[in-house]
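So the structure is just underneath, and the comments pick up after that.
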Amino acid sequence: MNFLLYPTILFDWGDTVMKDDPVSTVPMVEWPTVEAVDGIADVLAHLHASGWRIVLATSASISDESQIHAALGRADLDKYFFRIFCFKNTGLPKGEAFYRHILNDLGVQPSEALMVGDGFEKDVLAANNVGIFAVWFNPRSDENRTGELHLTVHSMRELRSFFTAFFRAIL
């Protein structure tokens, strides 16, 4: 898959892939209902069909890897994820050491990964600090933040358009 500039796409879980309930104290798989973020299934299907390796990189500390996998399964999204990294299987909070761990474990360079997440500090800046390009998913406001290693999208439709244009540009 060397035709892809970023063969590995990392996704945050809460409020990027699945809608989060920050006051819940039980694993998401045990919630009465779970809900995917609007449009994420289309983005993941597109990336998966186009050959990208999709990885979940979450700071979630209540759920372990199998519980995250099962919660994703309830929304029919588990099939898209190659690996899941969380606090319980890394022992690391989301930050520079967390991203370095993921890169080392996957055997990829920072320039071969791209992070997508809704938290600017943990998903964008921390990833940028280890050399990973990041997309800030910001559906809550019109604020745009762009830099050498990051850009902003406000919807999953916009994210899919970014990946579609990006894919065309590298072929």
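The values are calculated or read from the model by the stated rules, or taken from the named source; none is laboratory data. All values derive from a computational prediction rather than experimental measurement. We place every Cβ from the backbone using ideal geometry, glycine too, and count neighbours over all the protein chains shown.
Just checking, which of Ile84, Ile62 is surrounded by 20 or more Cβ atoms within 10 Å (Cβ to Cβ), in contact with a helix residue (DSSP H, G or I) (Cβ under 9 Å, 6 or more places away or on another chain) and among the β-branched types (Val, Ile, Thr)?
After applying the criteria, what remains is Ile84.
For segment 116-132, name all the residues that are surrounded by 23 or more Cβ atoms within 10 Å (Cβ to Cβ) and not acidic (Asp, Glu). Lay out the reasoning, then the answer.
Here is the first cut: in segment 116-132, the residues surrounded by 23 or more Cβ atoms within 10 Å (Cβ to Cβ) are 116-117, 123-124, 126-127, 132.
Answer for segment 116-132, where residues must be surrounded by 23 or more Cβ atoms within 10 Å (Cβ to Cβ) and not acidic (Asp, Glu): Val116, Gly117, Val124, Ala126, Ala127, Ile132.
Which of the numbered conditions does Pro139 fail, given that it passes all the others? Conditions: (1) at pLDDT 95 or above; (2) out of contact with any His (no Cβ under 7 Å at 6 or more places or on another chain).
Tallying (1) at pLDDT 95 or above; (2) out of contact with any His (no Cβ under 7 Å at 6 or more places or on another chain), Pro139 fails exactly one: (2).
State the number of residues belonging to segment 62-80 that are over 15 Å from Thr33 (Cα atoms) and aliphatic (A, V, I, L, M).
Residues meeting the conditions: 1.
Would you pick out the residues in segment 132-149 that are more than 19 Å from Lys19 (Cβ to Cβ) and either more than 14 Å from the chain's Cα centre (by Cα) or assigned to a loop (DSSP other than H, G, I, E, B) (or both)?
Listed by number, the residues that qualify are Ile132, Asp142, Glu143, Asn144, Arg145, Thr146, Gly147, Glu148, Leu149.
One residue is enough: does segment 117-131 have a residue meeting the conditions out of contact with any His (no Cβ under 8 Å at 6 or more places or on another chain) and part of a strand (DSSP E or B)?
yes
Can you pull out the residues in segment 133-148 that are surrounded by 18 or more Cβ atoms within 10 Å (Cβ to Cβ) and either farther than 17 Å from Trp13 by Cβ or small (Gly, Ala, Ser) (or both)?
The answer is Phe133, Ala134.
Pick from segment 3-32 the residues that are at pLDDT 95 or above, hydrophobic (A, V, I, L, M, F, W, C) and within 19 Å of Ala45 (Cα to Cα): which of them is surrounded by the most Cβ atoms within 10 Å (Cβ to Cβ)?
Val17
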